[in-house]
Amino acid sequence: MTGASAFQKDYKTIIPVEALARFVERLGEQYTLTGPVGGGLTARFEDVSSFSQMDLDYQSTMLPPGKKYLFEPVQEVLSFDISEGRFLEDHKDPQMRKRALIGLHPCDVNAILYLDKVFLGQYTDPFYRIRRENIFTIALNCKSVTDLCFCHLVGAGPYLKARSGYDILLTELRGLLTDSGVDSGGSGADMDGGEKKFLLELASEKARDLFHALSPDKGKPPEEKDLAKIKEMEAALLKTFKKNLDMEAVQNALLARPDHHALKETADSRCLSCSNCVMVCPTCFCHDVRDETDLALSRVKKIRRWDACQDISFARVHGGNFRAQRYARLRQFVFHKLDYDTQFGMKATVGCGRCIRWCPTGIDLTEIAKAMME
Amino acid sequence: MSFYKKFRLHKKDVHSPKEKNPEKKRVGFFKFSCCTGCGFELAYFQRSLKETLESFDFTFFRLASSAGSPEGPFDLALVEGAVTEPFQIVEIKKIRAASKVLYAVGSCAIVGGIPAIKALAPEMEVERAAYRERLYEMSSTRPHVIGDYVKVDGCIRGCPPGERDLEEALASVLIGKEPEFIEYSVCMECKMAGNACVLLEDGLPCMGPVTNAGCGALCPAHHRACYSCFGLMGQANVPALKGKFRKLGFTEEDIEKRFFTLFGALGETGQ
């Protein structure tokens, strides 16, 4: 897991959707299957009992799947019996059932790679680690781009470039194909007449072992023209992005303008300090740990809960609040996503656009950055 | 397990039957103008009722017992309801003077709640509508939150409050620490629960983005717009949400009603 393996991504095969479905359902004998249901921009990752329950044409989800399953909103990290002076449960070695996350878009895979740096970096978070080890990740390259996507600006999509840290990468082949010869021009429509097929790439040893053991149909190796077509599909998709921002120029430039009027004006007129942006962000990892004591004063639980830099209590310390002003809190989010690359060696945004889509007033961090660069 | 028994861990020479726990905190629960829902919530404090009674002595709680005196002294005073009559002004000051710690409980005491609706019309007009021929026997005042008259040590928000904040308040008094009350928005609870957004997906005038959490996003979880029964959170940006409602096509009258006549008419000016 998490890039430790030296496994070479050399196995590529083209399999029909029925074969993929059979493989996934065999996988379901060992893993809880979790995938996108509901479709469109408001799909949700949920446990499913069959391949057909999933909608792999989905565009986005509100809660990011990586964060939802690897870094849960509320986690009891410790419980202690005061009267008996002992820990009640051994949280250091938490158990976790195996889960296959199916159909993650490249942005969400990259977000998991970012969370790996946070929770498996200098300090290992045991809760994250156990979940990460027990997750089998099947990524899916995007078929379409939404108006708010900007993954292309940070190399996080629409096709996944990372070579490790996940297990399988799927690319739906549209309108080509070797068998039927039908070419509908990569418009996003499923093939008429021809059957739906996927390019399947194995990205981990675990995936190789499981695929060879479980898949009844191994498919056949892609031909040169298939790979060329996929490159064409990617190039065509890249042309459909609406958002643009010079990320090179943003680097270190925002920090130089901490009190820019664009921040203040946006904060005053539109920022609700409601923290929706943080909640739906796939890379926001801040959390608060609080003690909750029962009224018999016999048990204490330490509870870890998602926290948000937009909340007034986030930066309150002894003696004051170092982000008491609304624009200072908004600035923290915008700068952290776009400018603090040095923290973990990669951009903290994956360009999924969720913070814009789920902001009640539609605040757009790329627009703020643009205004600040002018 | 009582506080006293826990304490014995460290001082083995101390012994006394649990029933006569000298460490029991004296609590007074007081009601001003409200529906008594917060009192009921405490009386039905399901998860923790037994432990509460082991650690606290409710020396005055009219809903639970007609015995007891409101005179104090109290380690903790819990006060529900808004101030709407002159005699209540005297009472709340007496309660404050007799209490070490005073927490306002529920929206009426904290932001005005339902009683605050009358702040929208001249007092006499309100009285005339309610009491008609007995008008001149009335001596009601403008509605006020508890914090307008006395210092409040903490606010247990809600309509009625959730168990989490009630428990945090009581446990803090036992431990002697600052309570950490929830201050973030309903949206945070709503997102963590994975609910669909009724504001953005359904276009409902949801008050979640400006409302103090603690309810677990109860209304949005049932596809209803939040109506801010917990009151505005401290960092609420009211003009920004009004602007959003305008864009959704709501009239100024709709919007004013949303903010001022359902709950917390004193929310922006009170406290």
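Given the structure, is A:ARG329 outside any loop (DSSP other than H, G, I, E, B) and at the interface with chain B (Cβ under 10 Å from one of its Cβ atoms)? Considered against the rule, which asks whether it is outside any loop (DSSP other than H, G, I, E, B) and at the interface with chain B (Cβ under 10 Å from one of its Cβ atoms), A:ARG329 comes out as yes. For B:ILE175, the conditions (1) surrounded by fewer than 22 Cβ atoms within 10 Å (Cβ to Cβ); (2) at pLDDT 95 or above are fulfilled apart from (2).
Reported count of residues in region A:265-310, each being out of contact with any Cys (no Cβ under 9 Å at 6 or more places or on another chain), charged (D, E, K, R) and part of a loop (DSSP other than H, G, I, E, B), is 1. For region B:248-261, indicate whether the set of residues that are within 11 Å of chain A (Cβ to nearest Cβ) and either more than 27 Å from A:THR293 (Cα to Cα) or out of contact with any Asp or Glu (no Cβ under 8 Å at 6 or more places or on another chain) (or both) is non-empty. Yes: one or more hits. Identify the single condition in (1) modelled with pLDDT under 95; (2) in contact with an Asp or Glu (Cβ under 6 Å, 6 or more places away or on another chain) that B:LYS31 does not satisfy, given that it satisfies every other one. Evaluating B:LYS31 over (1) modelled with pLDDT under 95; (2) in contact with an Asp or Glu (Cβ under 6 Å, 6 or more places away or on another chain) leaves (1) as the failure. If you scan region A:298-313, which residues turn out to be at the interface with chain B (Cβ under 9 Å from one of its Cβ atoms) and either of a type in the set (Ser, Thr, Tyr) or touching a helix residue (DSSP H, G or I) at 6+ places or on another chain (Cβ under 7 Å) (or both)? The answer is A:SER298, A:TRP306, A:ALA308, A:GLN310, A:SER313. For region B:69-80, filtering for residues that are closer than 8 Å to B:PHE30 by Cβ and at pLDDT 95 or above leaves 4. Here A:ALA315 meets the list (1) touching a Phe, Trp or Tyr at 6+ places or on another chain (Cβ under 6 Å); (2) of a type in the set (A, V, I, L, M, F, W, C); (3) farther than 22 Å from B:CYS226 by Cβ; (4) crowded, with 19+ Cβ neighbours inside 10 Å almost entirely, failing just condition (4).
Looking across region B:148-164, the residues that are in contact (Cβ under 8 Å) with a residue 60 or more places away in the chain and surrounded by fewer than 19 Cβ atoms within 10 Å (Cβ to Cβ) come down to B:ASP148, B:TYR149, B:GLU163. Would you confirm whether or not region B:58-68 contains a residue that is aliphatic (A, V, I, L, M) and either closer than 21 Å to B:LEU174 by Cβ or crowded, with 20+ Cβ neighbours inside 10 Å (or both)? The answer is yes, given that some residue of region B:58-68 is aliphatic (A, V, I, L, M) and either closer than 21 Å to B:LEU174 by Cβ or crowded, with 20+ Cβ neighbours inside 10 Å (or both). With the requirement that a residue be in a helix (DSSP H, G or I), touching a Lys or Arg at 6+ places or on another chain (Cβ under 8 Å) and within 14 Å of chain B (Cβ to nearest Cβ), what does region A:333-374 give you? If the condition is that a residue be in a helix (DSSP H, G or I), touching a Lys or Arg at 6+ places or on another chain (Cβ under 8 Å) and within 14 Å of chain B (Cβ to nearest Cβ), then A:CYS355 is the only one that fits. Kindly provide the set of residues from region B:67-88 that are in contact with a helix residue (DSSP H, G or I) (Cβ under 6 Å, 6 or more places away or on another chain) and in a loop (DSSP other than H, G, I, E, B), ordered by number. Within region B:67-88, B:GLY81, B:THR84 qualify.
Of all residues in region B:186-203, those satisfying the criterion of being more than 7 Å from chain A (Cβ to nearest Cβ) and either in contact with a Pro (Cβ under 6 Å, 6 or more places away or on another chain) or crowded, with 19+ Cβ neighbours inside 10 Å (or both) are B:VAL186, B:GLU189, B:CYS190, B:ASN195, B:VAL198.
Let's see how each residue does on (1) surrounded by fewer than 18 Cβ atoms within 10 Å (Cβ to Cβ); (2) part of a helix (DSSP H, G or I):
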site	(1), (2)
A:ASP10	yes, no
A:ILE15	no, no
A:LEU20	no, yes
A:GLU25	yes, yes
A:GLN30	yes, no
A:THR34	no, no
A:ASP47	yes, no
A:LEU56	no, no
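Quick grid of which residues meet (1) farther than 21 Å from A:HIS105 by Cβ; (2) in a loop (DSSP other than H, G, I, E, B); (3) without any contact (Cβ under 8 Å) to a residue 40 or more places away in the chain:
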position	(1), (2), (3)
A:ARG44	no, no, yes
A:GLN59	no, yes, no
A:LYS68	no, no, yes
A:GLN75	yes, no, no
A:LEU78	yes, no, no
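In the condition set (1) within 11 Å of chain B (Cβ to nearest Cβ); (2) surrounded by fewer than 16 Cβ atoms within 10 Å (Cβ to Cβ); (3) part of a strand (DSSP E or B), A:GLU84 is compliant with all but (3). Annotation note: Cβ proximity below 7 Å between a residue of region A:109-127 that is touching a residue at least 12 places away in the same chain (Cβ under 8 Å) and a residue that is of a type in the set (Asp, Glu) (sequence gap 6+ or interchain) occurs for A:PHE119/A:ASP125. Selection of region A:233-251 for residues being surrounded by 14 or more Cβ atoms within 10 Å (Cβ to Cβ) and not β-branched (Val, Ile, Thr) yields A:MET233, A:GLU234, A:LEU237, A:PHE241, A:LYS243, A:LEU245, A:MET247, A:GLN251. Against the conditions (1) under 24 Å from B:GLU85 (Cα atoms); (2) at pLDDT below 95, B:ARG8 satisfies every one except (1). Which residues, taken from region A:237-274, are within 14 Å of another protein chain (Cβ to nearest Cβ), of a type outside the set (A, V, I, L, M, F, W, C) and touching a residue at least 40 places away in the same chain (Cβ under 8 Å)? Across region A:237-274, the qualifying residues are A:LYS264, A:THR266, A:ASP268, A:ARG270, A:SER273. Across region A:259-279, a minimum of one residue is classified as among the β-branched types (Val, Ile, Thr), crowded, with 19+ Cβ neighbours inside 10 Å, within 27 Å of B:TYR184 (Cβ to Cβ) and touching a Phe, Trp or Tyr at 6+ places or on another chain (Cβ under 8 Å).
Yes or no, residue by residue, for (1) in contact (Cβ under 8 Å) with a residue 12 or more places away in the chain; (2) assigned to a helix (DSSP H, G or I):
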{"residue": "B:GLY112", "(1), (2)": "yes, no"}
{"residue": "B:ALA116", "(1), (2)": "yes, yes"}
{"residue": "B:ALA130", "(1), (2)": "no, yes"}
{"residue": "B:ARG142", "(1), (2)": "yes, no"}
{"residue": "B:LEU166", "(1), (2)": "yes, yes"}
{"residue": "B:PRO179", "(1), (2)": "yes, no"}
{"residue": "B:ILE182", "(1), (2)": "yes, no"}
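Yes or no: B:VAL173 within 26 Å of A:VAL317 (Cα to Cα) and among the β-branched types (Val, Ile, Thr)? When the stated conditions are applied, B:VAL173 passes them.
Is one or more of the residues making up region A:323-345 of a type in the set (Gly, Ala, Ser), at pLDDT below 95 and outside the structural domain of A:THR42 (by TED's automatic domain parsing)? Yes: region A:323-345 contains one or more residues that are of a type in the set (Gly, Ala, Ser), at pLDDT below 95 and outside the structural domain of A:THR42 (by TED's automatic domain parsing). With the condition kept exactly as written, say whether any residue in region A:285-305 is within 27 Å of A:LYS117 (Cα to Cα), surrounded by fewer than 21 Cβ atoms within 10 Å (Cβ to Cβ), touching a residue at least 12 places away in the same chain (Cβ under 8 Å) and of a type in the set (Val, Ile, Thr). Checked against the condition, which is being within 27 Å of A:LYS117 (Cα to Cα), surrounded by fewer than 21 Cβ atoms within 10 Å (Cβ to Cβ), touching a residue at least 12 places away in the same chain (Cβ under 8 Å) and of a type in the set (Val, Ile, Thr), region A:285-305 yields at least one hit. Only a single criterion out of (1) crowded, with 20+ Cβ neighbours inside 10 Å; (2) closer than 23 Å to A:ASN110 by Cβ; (3) not aliphatic (A, V, I, L, M) is not satisfied by A:ARG326, namely (2).
The values are calculated or read from the model by the stated rules, or taken from the named source; none is laboratory data. These figures come from a predicted structure and were not determined experimentally. Heads up, the Cβs are rebuilt from the backbone with ideal geometry, glycines too, and the neighbour counts pull from every protein chain shown.
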